[in-house]
1. Does T121 fit the bill of being farther than 18 Å from S49 by Cβ and either buried (at least 16 other Cβ atoms within 10 Å of the Cβ) or touching a strand residue (DSSP E or B) at 6+ places or on another chain (Cβ under 8 Å) (or both)?
2. Tell me which of these Q98 doesn't satisfy, since it passes every other one: (1) touching a Leu at 6+ places or on another chain (Cβ under 7 Å); (2) farther than 15 Å from I50 by Cβ.
3. How many residues are outside any strand (DSSP E or B), surrounded by fewer than 12 Cβ atoms within 10 Å (Cβ to Cβ) and charged (D, E, K, R) if we restrict to region 80-95?
4. Just the residues that are in contact with a Lys or Arg (Cβ under 9 Å, 6 or more places away or on another chain) and either exposed (fewer than 14 other Cβ atoms within 10 Å of the Cβ) or not in a strand (DSSP E or B) (or both), please, taken from region 43-59.
5. Given the residues T127, T112, which is the only one that is surrounded by 15 or more Cβ atoms within 10 Å (Cβ to Cβ), assigned to a strand (DSSP E or B), among the polar types (S, T, N, Q) and modelled with pLDDT of 95 or more?
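The values are calculated or read from the model by the stated rules, or taken from the named source; none is laboratory data. Because the structure is a prediction, the values reported are computed rather than measured. No Cβ is skipped: glycine too gets one built from the backbone with ideal geometry, and neighbour counts run over all protein chains shown.
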Amino acid sequence: MTIQVVNDKKAAIAHRLRSSVWLLGLGAAVGWFWGCGGGRASEPVALVSITVTPANASIQAQATQQFTATGAFNDASSEDITKSVSWASSDTNKATIQNSGLATGVAGGSVTITAMSAGKTGTATVTISPPPTLTSVDISPLNPTIAVNGTQQFFANGIYSDSSLQDVTQDAT
């Protein structure tokens with residue numbers, strides 16, 4: 001910019017106005033340039049990898065396990081992509097998985113759960129233990145005294161292989 005001495009008041013105002021407009025235009029141009037990535041073409045965000053958690057899970061048959069898929073992207077960001085991936089089980093006779101990432105144990109064994117998107121995959125393992133089996137039934141009362149034409153309610157408690165107890169009265173015959 002050149003400095004000029006101006007004696008006319010109107011000319012001085014016009015000169016200052018032109019200088020201000022020129023500086024304002026320069027500022028807008030610089031702002032636009034840097035706002036557009038500094039003249040470089042911006043790279044589209046792309047999925048780099050998928051991590052499935054938990055990586056290893058153990059459930060019983062008929063129980064469920066929620067899996068989560070996290071996507072890592074080339075801009076160093078990550079986000080939950082659980083609902084946007086395709087889910088698969090390596091053996092649907094042992095475990096199934098819904099589109100939401102919820103797996104259900106079907107039968108004993110080990111299964112690989114896979115999340116897939118944009119050519120990338122992430123995996124986890126779920127081990128399904130078979131449901132506990134009924135090992136014995138306790139009937140109570142043991143030695144009831146029943147009056148002639150009387151009734152007595154009996155109760156049946158099932159004892160299972162995992163040492164759990166369950167009232168099986170309605171199932172007993």
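1. no
2. That leaves (1) as the condition not met.
3. Result for region 80-95: 1.
4. S49
5. T127
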